[in-house]
Every structure is written in structure tokens, then in C-alpha cells.
């Protein structure tokens, strides 16, 4: 295994779905159910059984809109405010209306949701205003349940192939070029529609541990969706709205205030005092976290040591089997007992992710990108704060719409020269006798991201970043060297990461205001509603570098009152509350 | 520029006595999202899984899905 082979195969399908994590499987199931005759292919760089952000499951739905607890209007309003107003509400509103149906469908797959003694969904309040968090007591079974459904529906699954570029022709999508991660053989997939569910760009900044794969996101989510959409000419929205998370220091996994919060845990400063009213992740909340550290009151902790034994035991039970189960090993290794010590947290490195923030490929309420026949869903598509249930629901929208799209079209013709050029680009590091290995290209890129792009953002630093990235790009294009197929996969990821780093710097320089709290805190600029109440759209320019335009935010479906729109900027605890 | 051989301690440990790779099992290799595990043939002709690439997300499918409990996921030294 891992020997570099020369080969190319071409296959055809109606709908190609790239990414078998969360959105992808649901898109496949919905498409196949709507048109059982459609040839649906689900392709993944890893193995669909355990791929994506929810490899080991998830502890709950962070954004469920359950009748009796919340309305689609309330949810749409909350997310618009949490996302600092920059939100085409149609996609959020449609999600809010239809996600309950998806919950019922997941329930029918055998994924259980917490209910109270009356049999009602046991929804918890974590957000600043409304109630949307629904625990999943057997959340560790999500991937297995999904995989069973995929087998039952006879979805064609292709594992260990990495898509590297989309093919386009006739003004629409035509397929994708893929490479086997264990043999380097090429697979060209012609498709009438392509759905991308490739996850976040979670390997952009470098974790402070220095360990390349010690990221919050599954490090397989290295941003291929962003890079492929960019090179194909699609628009990407609001990439300056970085994902930055409050995480367990060094472990770099979620502290899970969403689990602990409803049971009495909270984020505290070094004195054990609560300083934010709401532990829901937003740029505004991260700004408060940052200010607390700057004010000399850090480190910041997750505090559980005031809770009763049975409550702590229950929190441990959930947190140590689901999502990131090695968390228990980590705390044991450090001698941290939730009953006695608080859990040290820190501010994560940056990434792109709409699942938590709003940086993603531009899509509408049907998950359509700006390229006909090309869809995106989940963490990589710009429906803000859409989390796991958003990936499922928007994945469903993509699958349903793609079936309609393919009804009237045949394969788009593409230029064979594009395939040849991509083969040359991909294989270049295998043609050298020595050079720079991909892990060093990647390390340097990501270290520079930390040095120059981590907020607060400073113009001169970001411009320096662009210069350094160009130097690394020269090194990569002229001198990257790999010895086997596995290293070639890492080389392709290094190239993607560098593309994302370029986009992060460029998008951040374009929006000359501050927005989304810490996520786009530009020290030289205040928030500027007059000029910047808009999406920024990044595309690949004629010169091969990022180009930018403004796109108006569509008129709101749900009105936001003037005194409500800054609610997420008002979450610092007042002295009176802290003293209680 | 020639490449150096820098040693690194890896987080995933396989108990050779429990591993049944010689019976054709490749479950841990199959499920690893980062594809860092491989099967090695030892000097006495036995086969066992091992961690070939130090690129671990300490996510645990290899440990959870191993049919014989041969796999232990520790935390990478740099962050433990």
C-alpha cells in the first residue's frame, strides 16, 4: 500500500456527492428516495463509516426548532442577531421550518433524542434568547445509523478517493477529478450535478500545542470544499467571519458548555466568577472571552466543581463517550477531576466554518451555489450557525433540488485539457528527486496564519502574511516532494490550506470595518452599517488571485427591532448578577 | 536537500497478542479518518496493525471498532 501508481479511470453518475460525513449521506438518501433510478455516488477521502466532523458521534442538536419550544421566526431572529445582521434569512427560515421533520427522520433511523417524563422533547436553553438545544443520549451511534441507511438505499460509496478539482463546462458543473489516497491513481467522475459536503477548513491555524492534527475540527476537514469551489469560479461569502472557538487548552476539543450549561456549569474567570450571561458560541461571546484575558482575569475555565456528584457524573458520562471521547484520558493524564478543579480553556486557532460562524461557499435556501448544478451544504456552506442538524437539513435540500436539476440535463462537456492540467499539478511533487516535504509546507503556512491573521486583525500584519504566503507558494509549486501516495494526499491538503490562508487574508482586508465580535475585529475600524451591511463575495479573479464584491443582504423575512439587533453585544455579566 | 530521520512517539498502540491482522482483519486501518494505520509483517511472519504516520486526531474509531480490544488511543505527547 501507498506505492505511487499511474492510472486513470472515468465513471459516470447522475449525482456526485463529495464528502460522506453529515450533509453528504443525507443528500444521498434524499436524492435516492426522490428518484430511485438516479445513480448517486457518495465519495469520501476517508471511509464513510467514520468520516467527517461527527466521526465518533455528537452529544446533541444545538439548533433544533421544536414546536412548543421555539418558532421558526424566533430562531431566524436569534441567528440573525447572533450573526451580527449579515444573514440572508430565507435559508435560515427554511431550515427552521423543516428541521423538525429531519429530527423525526433521524429518530426513525434509531438515533434517540432526550425526552422528559411526559414523553416531550427535553429541549435546553443555551442561546442568549431562545431554547434550541436537544441532547442525544445515544449520540455515539449517529454514524453507524447513517451507514445502515446508506447500505439499505444502495447508495454507491467510494472510499479513499480525494476530490481535487471540480470540472465545469457549458456554464455549469460537469464532474470532478479525484485521486486515490493509497495509490495516487486518478478517477474522473462525470456528473450532471455535484453536491459538496466537505466540511470546515479546520486545519488553517496551527494549534498552540504545535501538533499539526491537534485541531478542533476533524483534521481531514482541511478546506477542500472551499478551495475547489474557488478554483471552479463559485462565490464564497464572508470568509473574514472566521471560526474561533473557546476550547479546552491543549486538548483543543470543546469544553461543552452546551452540555454542562443546562446542568449548572458555566464559563468562569480565574476567580471562578461568571463573566458572560450566555455560553453560546458567537464572535461577540469570543470578544468577551478575549477581553477577560486581556483584563488580566484569566485563564478562563469551565466551572463544574460547584455541582452535585450525580450531576458531575452525568456530565462525565456524556462528554467521555461522545464527540471527543479521549477527553476523559486527557483529564485523567493531567489529574483533573471535574469535582475539584476547573477546566482550563483557551481561544482556538482560526478556521472557516459556517457550522459555527458564517464563512462558507455562498448558497441559497436550496443549497445552490453560484454555479448551476453545484450545491454545497454543512460546515462549508454559508448558512450561519447551522451545526450538525443544519448539515443534515441543508444536505436534504441539496439532494432534493439536485434530482430536479438532473431531470432536464445531460452531462456538460468539459475540456479534457483541464483533466490533463490537473494530473500534472497533482503529480508534480512525485516527479522530483528531493525537496520540501508537505508537512513542512503545511506547518509554515499555518504558523504564519497564527502570526499574522489571528484576531485582532491589523492591516500591516495581514499584508505581510500575503507576502509570506506567496513565498511559501513558490516553494510549494517549485519544490514540494513526496515519497508515497499517502504523502501526496498531505501535499494536496497543504495546497488547499495555502489557498484558504490566502482567502482568509484577502477577505479580511476587503471588509474595512469590524463585525462579528472577535471573528472580524479589525483594530483600525469600527462597525460600519452604512457601508458594510452586505455580504462580501470572494471569487477567483482574472489574475488567479482572490477578487471581491459586495452583495446586498436580502430584505429580512423576520424583522429585527432596533433595540434587539445588538443583543449579542450585551452579554457581559453586570456586577449585581456576579455577586449573587 | 536530503530528508532527515526524526524520531516521534506515536499515540496509537496495538497489543500484538490481541491483534488478528494475520486472520485478515483490517478494521482499524479501514475506519481511521486520517488513514495513519497500516499492517506490518513481523520477523516471525506474524501480521499486526501499527501506526505508520504520526497524524492522529485521537478520535478513537480504531479503538472503538477493533473486534478484539487490541487498540489503545493515547494522546499525542505534544498536547497531553
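Of the residues in the stretch A:45-62, how many are within 9 Å of another protein chain (Cβ to nearest Cβ), more than 16 Å from the chain's Cα centre (by Cα) and in a loop (DSSP other than H, G, I, E, B)?
In the first step, residues of the stretch A:45-62 are kept if they are within 9 Å of another protein chain (Cβ to nearest Cβ); the result is A:45-47, A:49-52, A:55-56.
Filter once more, keeping what is more than 16 Å from the chain's Cα centre (by Cα): A:45-47, A:49-50, A:56.
Then keep just the ones that are in a loop (DSSP other than H, G, I, E, B); that gives A:45-47, A:56.
Of the residues in the stretch A:45-62, 4 are within 9 Å of another protein chain (Cβ to nearest Cβ), more than 16 Å from the chain's Cα centre (by Cα) and in a loop (DSSP other than H, G, I, E, B).
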Selection count where residues are out of contact with any strand residue (DSSP E or B) (no Cβ under 8 Å at 6 or more places or on another chain) and more than 10 Å from chain B (Cβ to nearest Cβ), scope the stretch A:197-222: 2
Members of the stretch A:321-344 that are touching a residue at least 40 places away in the same chain (Cβ under 8 Å) and more than 14 Å from chain B (Cβ to nearest Cβ): A:342, A:343
Count - residues of the stretch A:8-42 that are part of a loop (DSSP other than H, G, I, E, B) and either at pLDDT below 95 or in contact with a strand residue (DSSP E or B) (Cβ under 6 Å, 6 or more places away or on another chain) (or both): 3
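Check A:193, A:229 and return the single one that is surrounded by 24 or more Cβ atoms within 10 Å (Cβ to Cβ), in contact with a strand residue (DSSP E or B) (Cβ under 6 Å, 6 or more places away or on another chain) and in a strand (DSSP E or B). So that I can check it myself, show each step before the final result.
Numbers: A:229 fails: in a strand (DSSP E or B).
Checking each option against the conditions leaves just A:193.
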From the options A:420, A:415, A:401, residue that is outside the structural domain of residue A:517 (by TED's automatic domain parsing), surrounded by fewer than 16 Cβ atoms within 10 Å (Cβ to Cβ) and touching a strand residue (DSSP E or B) at 6+ places or on another chain (Cβ under 8 Å): A:415
Within the stretch A:304-326, considering residues that are modelled with pLDDT under 90 and in a loop (DSSP other than H, G, I, E, B), the one surrounded by the fewest Cβ atoms within 10 Å (Cβ to Cβ): A:320
Filtered residue count, the stretch A:164-177, keeping only those that are part of a strand (DSSP E or B) and more than 28 Å from residue A:243 (Cα to Cα): 8
Residue within the stretch A:367-384 that is in contact with a helix residue (DSSP H, G or I) (Cβ under 6 Å, 6 or more places away or on another chain), part of a helix (DSSP H, G or I) and in contact (Cβ under 8 Å) with a residue 60 or more places away in the chain present: yes
Whichever residue in the stretch B:1-16 is free of Cβ contacts under 8 Å to residues at least 24 places away in the same chain and either surrounded by 10 or more Cβ atoms within 10 Å (Cβ to Cβ) or more than 14 Å from residue B:53 (Cα to Cα) (or both) and, among such residues, is farthest from the other protein chains (Cβ to nearest Cβ): B:4
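Here is a yes/no grid of residues against (1) without any contact (Cβ under 8 Å) to a residue 40 or more places away in the chain; (2) within 14 Å of chain B (Cβ to nearest Cβ); (3) closer than 25 Å to residue A:82 by Cβ:
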{"position": "A:492", "(1), (2), (3)": "no, yes, no"}
{"position": "A:508", "(1), (2), (3)": "no, no, yes"}
{"position": "A:521", "(1), (2), (3)": "no, no, yes"}
{"position": "A:546", "(1), (2), (3)": "no, no, no"}
{"position": "A:551", "(1), (2), (3)": "no, no, yes"}
Test result for residue A:171, surrounded by 22 or more Cβ atoms within 10 Å (Cβ to Cβ) and either touching a helix residue (DSSP H, G or I) at 6+ places or on another chain (Cβ under 6 Å) or modelled with pLDDT of 95 or more (or both): no
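Within the stretch A:310-320, does at least one residue satisfy the condition of being more than 30 Å from residue A:505 (Cβ to Cβ), out of contact with any strand residue (DSSP E or B) (no Cβ under 6 Å at 6 or more places or on another chain) and within 14 Å of chain B (Cβ to nearest Cβ)? Quick ask: steps written out before the conclusion?
Pass one, the stretch A:310-320, residues more than 30 Å from residue A:505 (Cβ to Cβ): A:310-320.
The next check asks that each one be out of contact with any strand residue (DSSP E or B) (no Cβ under 6 Å at 6 or more places or on another chain); those that pass are A:310-320.
From what is left, the residues that are within 14 Å of chain B (Cβ to nearest Cβ) are A:319-320.
For the stretch A:310-320, residues more than 30 Å from residue A:505 (Cβ to Cβ), out of contact with any strand residue (DSSP E or B) (no Cβ under 6 Å at 6 or more places or on another chain) and within 14 Å of chain B (Cβ to nearest Cβ): present.
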Output for the stretch B:52-80, where each listed residue is closer than 20 Å to residue A:45 by Cβ and either more than 12 Å from chain A (Cβ to nearest Cβ) or part of a loop (DSSP other than H, G, I, E, B) (or both): B:52, B:53, B:54, B:55, B:56, B:57, B:58, B:59, B:60
The stretch A:361-379 - residue that is on the phi > 0 side of the Ramachandran plot and touching a strand residue (DSSP E or B) at 6+ places or on another chain (Cβ under 7 Å) and, of those, surrounded by the most Cβ atoms within 10 Å (Cβ to Cβ): A:367
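Can you go through A:51, A:64 and tell me which one is closer than 29 Å to residue A:215 by Cα, buried (at least 23 other Cβ atoms within 10 Å of the Cβ), in contact with a strand residue (DSSP E or B) (Cβ under 8 Å, 6 or more places away or on another chain) and assigned by TED's automatic domain parsing to the domain that holds residue A:219? Can you show your working first?
Values: A:51 fails: in contact with a strand residue (DSSP E or B) (Cβ under 8 Å, 6 or more places away or on another chain).
The match here is A:64.
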Single unsatisfied condition, residue A:336 versus (1) in a strand (DSSP E or B); (2) surrounded by fewer than 19 Cβ atoms within 10 Å (Cβ to Cβ): (1)
Enumeration of residues in the stretch A:73-120 that are within 22 Å of residue A:534 (Cα to Cα) and touching a strand residue (DSSP E or B) at 6+ places or on another chain (Cβ under 8 Å): A:84, A:86, A:88
Residues located in the stretch B:30-51, provided they are more than 7 Å from every other protein chain (Cβ to nearest Cβ) and either within 9 Å of residue B:12 (Cβ to Cβ) or buried (at least 20 other Cβ atoms within 10 Å of the Cβ) (or both): B:32, B:36, B:37, B:49, B:50, B:51
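Residue by residue, here is whether (1) farther than 23 Å from residue A:82 by Cα; (2) over 21 Å from the mean Cα position of the chain (by Cα) holds:
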| residue | (1), (2) |
| --- | --- |
| A:229 | yes, no |
| A:234 | yes, no |
| A:259 | no, no |
| A:278 | no, yes |
| A:305 | yes, yes |
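Confirm whether residue A:22 is more than 14 Å from chain B (Cβ to nearest Cβ), within 28 Å of residue A:114 (Cα to Cα) and crowded, with 19+ Cβ neighbours inside 10 Å. It would help to see each step written out before you state the result.
Numbers: more than 14 Å from chain B (Cβ to nearest Cβ): no; within 28 Å of residue A:114 (Cα to Cα): yes; crowded, with 19+ Cβ neighbours inside 10 Å: yes.
No.
The values are calculated or read from the model by the stated rules, or taken from the named source; none is laboratory data. It should be emphasised that the depicted structure is a prediction, and the values quoted were computed from it without experimental measurement. Ideal geometry is used to build each Cβ from the backbone, glycine not excepted, and the neighbour counts take in all protein chains shown.
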